[in-house]
1. For each pair in 4/49; 168/197; 15/211; 300/320; 63/121, compute the distance between the two Cα atoms and list the pairs where it is over 22 Å.
2. Relative to the first principal axis of the alpha-carbon coordinates of the chain, what is the inclination of helix 61-70, with its axis defined by its Cα atoms, in degrees from 0 to 90 and to the nearest 10?
3. Quantify, in whole percent, the carbon and sulfur part of the accessible surface of the chain (1.4 Å probe; protein heavy atoms only).
4. Mind listing the lone cysteines of the chain, meaning no other Cys beta-carbon sits under 4.7 Å from theirs?
5. Suppose R0 equals 35 Å; then what is the FRET efficiency for residue 349 and residue 304 from their Cβ-Cβ distance, rounded to the nearest 0.05?
6. Determine the distance separating the Cα centre of region 54-68 from the Cα centre of region 277-297; give it in Å without decimals.
7. In terms of modelled amide H atoms, which long-range or inter-chain residues lie less than 5 Å from the amide H of residue 290?
8. Can you list the trypsin sites (Lys or Arg not before Pro) in region 1-59 that are in a DSSP coil and have 13 or fewer other beta carbons within 10 angstrom?
Amino acid sequence: MGEKRDFYEVLGLGKDASEEEIKKAFRQQAKKNHPDVNPGDKGAEARFKEINEAYEVLSDAEKKSRYDQFGHAGVDPNFNAGSGFGGFGGFGGMDFDLGDLFGSIFGGGGGNSRNRNAPRKGERIRAELVVTFEEAAFGCEKEIAVTRVEGCDDCEGTGCKEGTTAEKCPECSGRGTVTAQQRTPFGVMQSTTECPKCSGRGKIIHQPCTKCRGLGLVRRNRNIKVNVPAGIDDGQTISMRGQGSAGANGGEAGDLYVTITVLRHAVFERDGTAVYVDIPVSFVQAALGAELEVPTLDGKVKYSIPEGTQTGTVFRLRGKGIQNLRGSGRGDQFVTVNVVVPMGLSAEQKELLLQFASTVPEPPAEQKKKRKKK
């Protein structure tokens with residue numbers, strides 16, 4: 001495995017960055033390095049995956065804590081893995097109890113209060129997906145790169161080297177817990193604790209799988225297809241059940257949460273299901289009326305403005321907005337007319353305008369005041 005860059009360096013942050021600063025940095029880096037924005041850059045996809053992986057860790061408080069303490073080894077059990085497995089230690093040069101590591105993968109803590117043989121749901125993971133304005137409006141299918149925990153292919157999740165099997169722990173008879181009795185002045189007290197011989201797993205692996213080092217689980221990079229629904233807005237999250245990390249002891253897989261970032265459009269602006277666009281018109285078009293070509297998400301449409309149209313006038317195009325995400329139908333598009341005052345007039349044009357102005361009465365003083373207030 002190649003040397004991974006520091007996740008804070010990937011996002012251009014210091015280690016004291018706040019949650020909001022991490023999110024803001026991710027969005028900036030994601031938009032800058034998105035493959036759709038850099039079609040000729042072969043390295044954009046790799047950078048984008050790296051940015052997603054960094055955000056997945058730093059945006060999760062628990063993962064961030066493990067990363068800050070142990071670096072990449074704290075969030076990736078395969079990072080810098082050696083061949084040694086003696087005593088379930090030797091993890092990236094640090095001594096890790098297998099149970100502690102197993103618990104860290106699933107976001108659980110160690111300790112005697114947790115039965116490690118009980119089914120546990122897999123870890124939920126988070127990712128962000130950048131889409132264009134049109135993709136958000138009409139929906140699309142995209143692929144995202146995520147890193148998640150999956151069952152080991154080499155040992156089929158048993159944790160044992162090929163051709164070997166685990167031994168049922170003789171100390172706890174496979175239960176993972178042992179019961180101890182202690183006589184006290186108040187009588188005999190009984191307590192149940194984690195089996196010290198098998199670390200609560202109920203089995204002992206004498207020859208662990210070299211790929212997963214006895215965990216039965218490995219961390220992998222996967223490309224997952226995401227169906228982006230029509231009408232989704234910037235900052236909204238898609239929940240994908242069972243697409244997170246694998247569960248333990250028969251537990252169900254965790255979920256994947258994909259937060260959408262919508263790129264700004266050069267022409268359109270959005271507010272809910274409404275779309276807004278500004279249209280420049282000439283003084284003559286506004287005065288005499290004209291048929292305009294108005295851009296919409298469905299292509300250009302013709303719209304006739306009446307004579308005497310004032311700058312700032314808003315027209316509505318029904319059903320030309322954004323699909324309602326939780327219902328049927330589309331919103332409307334609102335078109336604002338901006339009258340463009342001509343510049344660089346010739347002497348002849350100025351004279352014609354002066355002649356025209358002499359035939360048109362000035363607006364009333366009350367109207368002048370209203371305009372001045374604006």
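The values are calculated or read from the model by the stated rules, or taken from the named source; none is laboratory data. Quick caveat, the model's predicted, so the values are computed rather than measured. Neighbour counts are summed over all protein chains in view; Cβ atoms, including those assigned to glycine, are modelled from backbone coordinates with ideal geometry. Surface accessibility is based on the protein's heavy atoms, side chains included, excluding ligands, DNA and RNA. Shrake-Rupley method; radii C 1.70, N 1.55, O 1.52, S 1.80 Å.
1. Flagged as over cut-off: 15/211.
2. 60
3. Answer for the chain is 48 percent, counting heavy atoms of protein chains only.
4. So far as the 4.7 Å Cβ criterion goes, 140, 160 stand without a partner in the chain.
5. 0.85
6. Each part reduced to its Cα centre gives a spacing of 51 Å.
7. 305
8. Here the sparse-neighbourhood loop sites are 5, 15, 42.
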